[in-house]
Amino acid sequence: MAAAVAAVVVAAVVAAAASAAAPASAGEPTRDVRWEVGYMTVAPLGVSQKVIAINNQFPGPLLNVTTNWNVRVNVQNNLDEPLLLTWDGIQMRMNSWQDGVAGTNCPIPPGWNWTYQFQLKDQIGSFFYFPSLGLQRAAGGFGPVTVNNRAVVPVPFAQPDGDITLFIGDWYTKSHVELRKMLDDGKDLGIPDGILINGKGPYSYDNTLIPEGLQHETVGVEPGKTYRFRVHNVGTSTSLNFRIQNHNMRLVEAEGTYTYQQNYTNLDIHVGQSYSFLVTMDQNASTDYYIVASPRMNTTAGAARPNPQGSFRYDSINITQTFVLKNELPLLINGKRRRTINGVSYSPPETPLRLADLHNLTGVYKTDFPTMPGNAPPKMASSTLNASYKGFLEIVFQNNDTGVQTYHLDGYSFFVVGMDNGDWTPDCRSRYNKWDAISRSTTQVFPGGWTAVLVSLDNVGIWNLRSEKLDNWYNGQEVYVKVADPLGYNITEMIMPDNALYCGLLKDLQKPQIHQVNSKSSAQAADRWGARVLAMVLLIIAAVVSI
């Protein structure tokens with residue numbers, strides 16, 4: 001199979017001025033935004049298809065905020081199906097009520113309105129939001145979250161001359177509804193139709209391979225200046241190698257953690273991962289330079305595996321719990337092709353777990369998820385991993401599949417302390433990085449290997465631990481980690497919001513709400529790209545403007 005490649009060109013133009021921050025109010029400032037989530041029609045790969053847009057933007061608008069700010073995001077769901085937005089990497093301190101996943105929140109019904117309210121605590125960096133239900137991220141709905149440092153908090157590099165966000169990811173011309181049906185029918189999604197950068201497709205560098213008239217992305221820079229590139233892989237399942245032609249990329253941040261600064265010529269960015277690079281435009285100003293995202297074909301190894309950080313002596317903390325979580329090839333359970341962790345394929349109940357706890361409902365889920373792989377027959381179940389508040393948890397991800405896995409934990413960052421081939425055993429701890437492991441919320445696990453992380457359980461709530469590969473997540477490769485407050489409800493954890501939605505066994509508690517119905521959001525199947533005219537040789541290269 002030929003590799004699909006996405007690229008844009010760094011072009012020298014006058015940079016636009018950054019938008020002004022919201023004015024401060026009494027106490028901590030509040031950022032208030034209203035987002036209309038609906039469909040729009042685009043054709044990034046030459047085929048008209050409906051994508052999920054926010055305020056008619058694809059990708060969605062930037063949420064630009066500062067540490068300690070309060071955030072209120074009013075969401076109007078103009079889709080034809082339920083919606084939840086989750087905030088990848090934002091820790092939602094003691095407030096899983098705002099996390100935006102099925103285990104903690106009832107979805108916003110079509111035509112309804114809901115407001116997320118949370119405070120950003122102790123985080124600085126590059127994150128993104130996306131719709132968490134039913135493969136919707138494969139249709140868009142994602143956008144950037146930039147959390148700036150307060151003036152009293154130093155940043156370990158000089159202020160760059162500009163800030164550039166890039167969303168990279170594989171893309172299908174089928175709608176997310178069609179992709180869902182394929183998975184429900186036990187099929188693979190197959191090879192993606194291409195790779196997009198910021199929702200845009202290939203530059204027509206060769207009309208025999210790339211159809212004319214496709215909209216492509218350009219990035220405006222000035223020679224000699226330094227820019228911060230925030231890069232997010234928001235695709236469905238493909239690990240991408242990222243590089244900027246003839247330029248070094250100085251890695252400075254990974255998902256909210258400033259790293260030990262190193263230069264890279266290229267870096268693998270796995271599904272769900274985010275990085276920041278500083279890039280100085282120090283090459284010949286009369287030449288054009290491509291930014292390239294291409295699939296990593298050899299998934300048994302990556303390019304650079306950045307790990308140094310060095311800011312916290314986690315090696316002196318005693319491990320209080322160990323979870324070894326093994327995924328494997330798809331299994332048939334009750335005649336369905338499913339993904340599992342420790343032989344369990346997660347089946348979400350209609351009543352969110354956290355809401356069931358609050359109302360003392362029994363039978364919604366069990367707390368018997370196995371902490372180690374076993375020999376029991378695979379099953380579908382709604383169960384949680386019980387974790388001890390204030391404990392120090394070791395999680396080992398064992399990948400017995402043939403492709404790269406990517407795992408994300410809501411509510412936390414963890415230290416990535418080990419990564420190797422073969423089966424993990426307790427003896428592997430002697431090979432852990434005990435000094436300067438990177439702290440992040442999403443890690444890759446290479447096929448036939450393991451990755452170990454350590455996490456301090458200081459955030460009460462019920463938190464989603466999932467595969468960031470959308471097809472695996474949809475097919476059950478997730479579990480919830482329950483970190484209960486030993487002092488009781490509403491002692492450490494924030495109270496349930498007044499505007500909480502009710503569903504499942506608690507649907508009769510839902511108060512009437514005034515909501516709107518947008519007739520334009522009625523369901524329509526996306527157009528098919530029947531012939532697949534590019535034959536999977538998509539060299540996505542954006543237009544050039546001479547430097």
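General observations
- Under the shape rule built on the C-alpha gyration tensor, where the axes satisfy a ≥ b ≥ c, the range 179-218 is prolate, since a/c reaches at least 1.5 and a/b is greater than b/c.
- Inter-part distance where the range 40-69 and the range 196-233 are each reduced to a Cα centre, Å: 16 Å
- Across the range 321-494, the fraction of Cα-Cα pairs farther apart than 26 Å, rounded to a whole number, is 27%.
- Cβ-placed point charges (K, R +1; D, E -1), dipole of the range 321-494 about Cα centre in debye, nearest 20: 300 debye
- Inter-part distance where the range 99-172 and the range 431-472 are each reduced to a Cα centre, Å: 19 Å
- Local electrostatic count at Pro110 - Lys and Arg +1, Asp and Glu -1, tallied over other residues with Cβ under 11 Å: -2
- Entry comment: accessible area of the range 321-494 is 37 Å² per residue, from protein heavy atoms only and a probe of 1.4 Å.
- Taking a sphere under 11 Å around the Cβ of Asn246 and counting the other residues whose Cβ falls inside, with K and R at +1 and D and E at -1, yields a net charge of -1.
- Kirkwood-Stokes translational diffusion coefficient of the chain, alpha-carbon pairs, 37 °C, 0.692 mPa s, µm²/s: 137 µm²/s
- Cβ-defined net charge surrounding Thr442, 12 Å radius [Lys, Arg +1; Asp, Glu -1]: -1
- Farthest toward the positive end of the dipole of the chain, out of Ile244, Ile495, Val51, is the Cα of Ile495, where the dipole comes from beta carbon charges about the Cα centre.
- Cα-derived Rg over Rh, computed across the range 163-309 with Rh taken as Kirkwood radius: 1.00
- Kirkwood hydrodynamic radius computed over the range 22-82 comes to 13.5 Å, based on all pairs of distinct alpha carbons.
- Calculated Rg and Dmax of the range 70-134 using C-alpha coordinates, Å: 11.8, 37
- Set Lys390/Lys434; Lys482/Lys511; Lys181/Lys507; Lys121/Lys336 screened for pairs whose C-alpha atoms are more than 32 Å apart: Lys121/Lys336
- Selection among Ser382, Gly411, Val396 by position relative to the dipole of the range 321-494 gives Ser382 as farthest towards the positive end (Cβ unit charges, Cα centre).
- Shown for the chain: cysteine residues without a partner Cβ closer than 4.7 Å, namely Cys428.
- Summary value for the range 321-494: 27 percent relative contact order, contacts being C-alpha pairs under 8 angstrom separated by 6+ residues.
- 10 Å binning of all Cα-Cα separations within the range 67-178, expressed as whole percents from 0 upward: 12, 39, 32, 14, 3
- Across the range 423-485, counting alpha-carbon atoms alone, Rg and Dmax equal 14.0, 37 Å.
- Rounded if a/c under 1.5, otherwise prolate or oblate - the range 312-421, Cα gyration tensor axes: oblate
- Looking at the range 321-494, the DSSP beta bridges with both ends there are about 65 percent antiparallel.
- Seen through its C-alpha gyration tensor, with square-root eigenvalues sorted a ≥ b ≥ c, the range 393-457 comes out oblate because a/c lies at 1.5 or above while a/b is not bigger than b/c.
- Simple point charges give the picture: +1 on the Cβ of Lys and Arg, -1 on the Cβ of Asp and Glu, and for the chain a dipole about the Cα centre of about 360 debye.
The values are calculated or read from the model by the stated rules, or taken from the named source; none is laboratory data. Here the structure is a predicted model, which is why all the values come from computation and not from measurement. Quick reminder, even Gly has a Cβ in these numbers, built from the backbone with ideal geometry, and neighbours come from all protein chains shown. Each accessible area value is taken on the protein alone, full model and side chains, heavy atoms only, with ligands, DNA and RNA left out. Shrake-Rupley method; radii C 1.70, N 1.55, O 1.52, S 1.80 Å.
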